[in-house]
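Asker: First the structure, which I've put down as structure tokens, then a few questions once you've had a look.
The values are calculated or read from the model by the stated rules, or taken from the named source; none is laboratory data. All values reported here derive from a predicted model rather than from experimental measurement. In this analysis, Cβ positions are derived from the backbone assuming ideal geometry, glycine residues included, and neighbour counts consider all displayed protein chains.
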Amino acid sequence: MTSHATAAETTGEPLVKYEVNDGVALITWNRPHRRNAWTPAMEAEYFGLLRTAAADGAVRAIVVTGAGGNFCPGTDMTALFDAANGSRANNPEDREPQTLAITIPKPIIAAIEGACAGTGFIQACVCDIRFATPDAKITAAFVRRGIMAEHGLAVLVPALVGTANAMDILLSGRVIRGTEAAQMGLVRLSENALDDALAYARDLAANASPQALAVTKMQMYSELRAPVEKARLTALKLWQTLREHDDFKEGVRSFQERRPPRFAPVGEAELDRLEKLWTGTGDL
């Protein structure tokens with residue numbers, strides 16, 4: 001067994017935990033005091049550990065989970081509120097792609113309980129397999145914050161659950177419990193998601209060829225990666241526009257104040273611009 005933990009926050013606890021047992025790397029986001037809300041620092045540590053696991057010959061499968069009963073509820077509200085108020089710190093276009101996990105040549109299995117929203121939802125979707133408890137709360141939520149489908153989800157989610165379910169997930173931004181997510185085919189239902197994810201990963205580690213796993217994963221994503229990447233880059237351009245819009249400010253403010261958002265109707269100039277975007281006659 002090997003284990004180590006990455007940089008700590010002011011709580012004194014490691015930001016991301018990492019341990020290897022029986023050929024399985026368990027990566028645990030460890031901000032339970034914030035329900036594992038996403039920060040650029042946590043992102044950098046997590047992505048670094050994905051690469052560590054990829055390079056380690058002793059690791060044949062990876063399990064990702066969150067500490068304290070939650071997967072990840074999305075971007076930490078402090079960072080989101082700063083972005084809504086004009087901060088350009090930690091711009092997503094300046095950071096690594098959120099889709100890094102699909103390029104890791106080892107199976108990555110998510111163990112989901114509690115909140116799985118926003119960036120947490122993105123990271124769950126870029127895992128190869130997802131286990132979730134019946135009462136897990138899964139949501140894209142972006143439209144309720146005045147944001148479009150981020151980081152390639154416009155292509156990836158339909159590939160996972162079909163167009164009709166993807167439209168429901170991405171257009172409504174509603175909370176979907178683990179039971180319904182399993183019916184959609186997004187997750188495997190489990191009363192103990194972490195135990196079942198680890199058992200699944202251990203079986204792969206013990207009985208599947210690492211080379212065959214890597215090649216099979218490459219096969220599965222080979223036709224999908226280019227459209228996902230195009231959708232990711234398009235979303236970044238759209239984000240540059242939408243973060244300046246009042247809807248983003250209102251979406252974040254209403255969430256912080258725990259009230260329904262008060263979005264204004266789309267004006268004629270905006271409708272004209274959207275139509276040109278839709279028909280391909282206008283710029284992002």
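Asker: Of the numbered conditions (1) over 20 Å from the mean Cα position of the chain (by Cα); (2) modelled with pLDDT of 95 or more; (3) among the small types (Gly, Ala, Ser), Ala5 satisfies every one except a single condition; which is it?
Answerer: (2)
Asker: For a quick check of your reading of the model, give me the residue pairs whose first member lies in segment 105-133 and is on the phi > 0 side of the Ramachandran plot and modelled with pLDDT of 95 or more, whose second is buried (at least 24 other Cβ atoms within 10 Å of the Cβ) and of a type outside the set (Ser, Thr, Tyr), with beta-carbon atoms closer than 7 Å and at least 6 apart or on different chains.
Answerer: Taking only residues 6 or more apart or on different chains, the pairs are Gly114/Asn70; Gly114/Phe71; Gly114/Ala136.
Asker: Continuing with this model, one more query. Can you name the residue in segment 45-56 that is out of contact with any strand residue (DSSP E or B) (no Cβ under 9 Å at 6 or more places or on another chain) and either in contact (Cβ under 8 Å) with a residue 40 or more places away in the chain or among the charged types (D, E, K, R) (or both) and is also surrounded by the most Cβ atoms within 10 Å (Cβ to Cβ) among such residues?
Answerer: Filtering first and then ranking leaves Phe47.
Asker: Just to be sure I understand, how many residues within segment 12-29 are within 21 Å of Ala206 (Cβ to Cβ), of a type in the set (D, E, K, R) and part of a loop (DSSP other than H, G, I, E, B)?
Answerer: 1
Asker: For segment 176-188, enumerate the residues that are surrounded by 15 or more Cβ atoms within 10 Å (Cβ to Cβ), without any contact (Cβ under 8 Å) to a residue 40 or more places away in the chain and assigned to a loop (DSSP other than H, G, I, E, B).
Answerer: None - no residue of segment 176-188 is surrounded by 15 or more Cβ atoms within 10 Å (Cβ to Cβ), without any contact (Cβ under 8 Å) to a residue 40 or more places away in the chain and assigned to a loop (DSSP other than H, G, I, E, B), so the list stays empty.
Asker: Take the conditions farther than 28 Å from Leu26 by Cα, at pLDDT 95 or above and not basic (Lys, Arg) and apply them to Asn165. Does it pass?
Answerer: Considered against the rule, which asks whether it is farther than 28 Å from Leu26 by Cα, at pLDDT 95 or above and not basic (Lys, Arg), Asn165 comes out as yes.
Asker: Any residue at all in segment 143-150 that is in contact (Cβ under 8 Å) with a residue 12 or more places away in the chain, under 14 Å from Gln98 (Cα atoms) and part of a helix (DSSP H, G or I)?
Answerer: Among the residues of segment 143-150, not one is in contact (Cβ under 8 Å) with a residue 12 or more places away in the chain, under 14 Å from Gln98 (Cα atoms) and part of a helix (DSSP H, G or I), which makes the answer no.
Asker: With respect to Ser172, is the statement that it is hydroxyl-bearing (Ser, Thr, Tyr), under 28 Å from Asn21 (Cβ atoms) and either surrounded by fewer than 20 Cβ atoms within 10 Å (Cβ to Cβ) or at pLDDT 95 or above (or both) true?
Answerer: no
Asker: Any idea how many residues of segment 108-136 are closer than 14 Å to Thr65 by Cα and either part of a loop (DSSP other than H, G, I, E, B) or of a type in the set (D, E, K, R) (or both)?
Answerer: So the answer is 8.
Asker: Pull up segment 201-218, narrow it to residues that are closer than 18 Å to Ile109 by Cβ and of a type outside the set (A, V, I, L, M), then point me to the one that is surrounded by the fewest Cβ atoms within 10 Å (Cβ to Cβ).
Answerer: Asn207
Asker: Using beta carbons and a limit of 6 Å, which pairs, at least six apart or on different chains, have the first residue in segment 15-40 and of a type in the set (Gly, Ala, Ser) and crowded, with 21+ Cβ neighbours inside 10 Å and the second one modelled with pLDDT of 95 or more and outside any strand (DSSP E or B)?
Answerer: Listed by first residue and then by second, the contacts come to Ala25/Ala53; Ala25/Val59.
Asker: Something else now. Would you pick out the residues in segment 151-173 that are in contact (Cβ under 8 Å) with a residue 24 or more places away in the chain and over 24 Å from Pro260 (Cα atoms)?
Answerer: Within segment 151-173, His151, Gly152, Leu153, Ala154, Val155, Leu156, Val157, Ala159, Leu160, Val161 qualify.
Asker: Can you name the residue in segment 51-76 that is in contact with a helix residue (DSSP H, G or I) (Cβ under 6 Å, 6 or more places away or on another chain) and of a type in the set (A, V, I, L, M) and, of all such residues, is nearest to Asp195 (Cα to Cα)?
Answerer: Across segment 51-76, the extreme among qualifying residues is Val63.
Asker: Only one of Arg243, Arg202 is basic (Lys, Arg) and at pLDDT below 70; which?
Answerer: Only one candidate qualifies: Arg243.
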